[in-house]
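Each remark here refers to the structure printed beneath this line.
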Amino acid sequence: MWSRVLRHAERPLFFAGVKKAARAASTATSSLSSTGDALNGTGFKSADPFASYSRWAPTYDDDSFEILKFDSPYACRDHMLAYWPVPAAEERVKVLDVGCGTGAIGRLVAEAIGPSAVDFHGIDLTPEMLRVAKQTGYYETLREWSASRTPWPVDDDSKDMASCNGVLVYVPPDLAVLAEFVRVVKPWGHAVLMLRDDNIDDWRPHIETLELQRRWKLVRVSKTRNNFPGASDKPPIFYKMYVFQILGTRLAAAA
């Protein structure tokens, strides 16, 4: 399955040309915040993500988008829109944003297709990040919750799509975590996950287990991208986007 999908990894996405105005460099901002600089120095592998991201929340967007040129939120948005479901009349697409942070994914998707087309629901580890996400106005619900704590406080088959960007590097690899995407997304919906190249091998056995059990199917892998091209003084952090289609069977979160 992996080799078949990888042959299509270079195909351009229809939405890849959506204007990325938020990525323009800011002339008013010349340096990272102290917290952003510290995380950049670790390759964004904090030993205490709760403390680090709590401190980073006030300057996260400026640091990430204006200085570091944070790439994966745009790639995540583009892959979500490429597999965007067609809702029934007068219904809105329901999306779970796992590790929603300051709400960048909700904002980017809503700006691309209009906020009336989607209901975003977010969970995140830190209340400070969630307060910033709430201010965007794009999330119907927000809840403080670690992605590693299963089951998530989300009903079975309640979402049309799920996204998870830049979070799984901080989550201990666990089949139960990936099984939550299978549980909460409706059959034939999609989960769009960003996984770093230096972390994918830790998750691969669990990904393949769900494939072998026909709980989900890998339908797309993006080309390799540099997540922070603005951090030119640091080694690049490479990642890919992975899109999984949820199949009809279910795997209990406790498996």
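Worth pointing out:
- Our summary gives the chain a relative contact order of 21 percent, counting only alpha carbon pairs under 8 angstrom and 6 or more residues apart.
- Taking amide H as placed 1.01 Å from N in the peptide plane, the amide H of residue 219 sits under 5 Å from that of 243, 244, 245, each at least 5 places away or on another chain.
- Hits among lysines - C-alpha to C-alpha of residue 159 under 21 Å, sequence gap 8 or more where chains match: 94, 134, 186, 217
- Amide H contacts under 5 Å for residue 142, placed H, 5+ residues apart: 122
- Cα→Cβ-extended label distance, 7 Å offset, between residue 174 and residue 135, nm: 3.2 nm
- Restricting the trypsin sites (Lys or Arg not before Pro) of segment 159-255 to loop positions (DSSP other than H, G, I, E, B) with no more than 13 neighbouring Cβ atoms within 10 Å leaves 214, 223.
- Taking 0.36 nm per residue of sequence separation and removing the Cα-Cα distance, the residue 238/residue 111 pair yields an extension gain of 43.1 nm.
- Excluding same-chain neighbours fewer than eight residues apart, the lysines reachable from residue 45 by a Cα-Cα span under 21 Å are 69, 234, 240.
- Segment residue 202-residue 31, extension gain: residue separation times 0.36 nm, minus the distance between their alpha carbons: 58.2 nm
- Degrees, to the nearest 10: 175-184 long Cα axis against longest axis of the chain: 70 degrees
- 0 to 90° range, to nearest 10: angle between helix 104-113 axis and the chain longest Cα axis: 70 degrees
- Selection from 195, 175, 84, by position along the positive dipole direction of the chain (Cβ): 84
Every number here is computed from the coordinates shown, using simple stated rules; none is lab data. Everything quoted here is computed from the prediction, not taken from an experiment. With ideal geometry, Cβ positions are generated from the backbone for all residues, glycine too; neighbour counts draw on all protein chains shown.
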